[in-house]
């Protein structure tokens with residue numbers, strides 16, 4: 001099951017991303033669908049001047065355009081999102097634990113293990129880790145996936161039956 005797809009990625013002459021198309025519909029029932037056409041524009045100093053999402057007929061509540069201004073030192077003055085004193089997004093549907101991990105993101109509950117690694121993302125994703133902290137497995141709508149490593153390098157992914165599903169060379 002494909003959870004996300006990014007196509008049509010464009011770059012300007014300075015190798016800055018200028019846009020792409022995303023398809024992330026169905027990632028999680030009840031979650032926002034951020035699928036659509038993204039566009040990024042830059043000012044003469046190379047700073048991000050605006051970003052926009054056209055949902056291309058999808059949910060209009062999720063489309064947006066943000067413009068940004070900067071001071072002489074390049075610090076962003078306007079157009080951004082609000083952040084709290086811990087530099088975390090300060091939005092209604094966001095919450096954080098004492099360790100700074102998000103516990104609610106857009107109405108989806110998140111859980112982290114004792115090592116601050118994501119262990120659950122709503123009912124859609126559950127993750128397990130090896131003793132050395134590397135990702136061991138995940139359960140998602142597509143079933144269970146196991147990860148095989150050589151030292152710290154991910155080599156392959158297996159499905160629940162042990163069949164090879166991806167090789168990372």
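The values are calculated or read from the model by the stated rules, or taken from the named source; none is laboratory data. Worth saying up front: this structure is predicted, and the values here are computed from it rather than measured. Methodologically, a virtual Cβ is constructed for each residue, glycine included, from the backbone with ideal geometry; neighbour enumeration extends over all protein chains shown.
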- Scan (1) closer than 26 Å to residue 51 by Cβ; (2) more than 17 Å from the chain's Cα centre (by Cα) for the single condition residue 91 breaks and write down its number. (2)
- Residue by residue through segment 122-146, note down the ones that are crowded, with 16+ Cβ neighbours inside 10 Å and farther than 25 Å from residue 163 by Cβ. 122
- Condition broken by residue 60, with the remaining ones in (1) over 23 Å from residue 108 (Cα atoms); (2) modelled with pLDDT under 80 satisfied: (1)
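Could you please give the count of residues in segment 67-94 that are surrounded by 10 or more Cβ atoms within 10 Å (Cβ to Cβ) and at pLDDT 75 or above?
Result for segment 67-94: 12.
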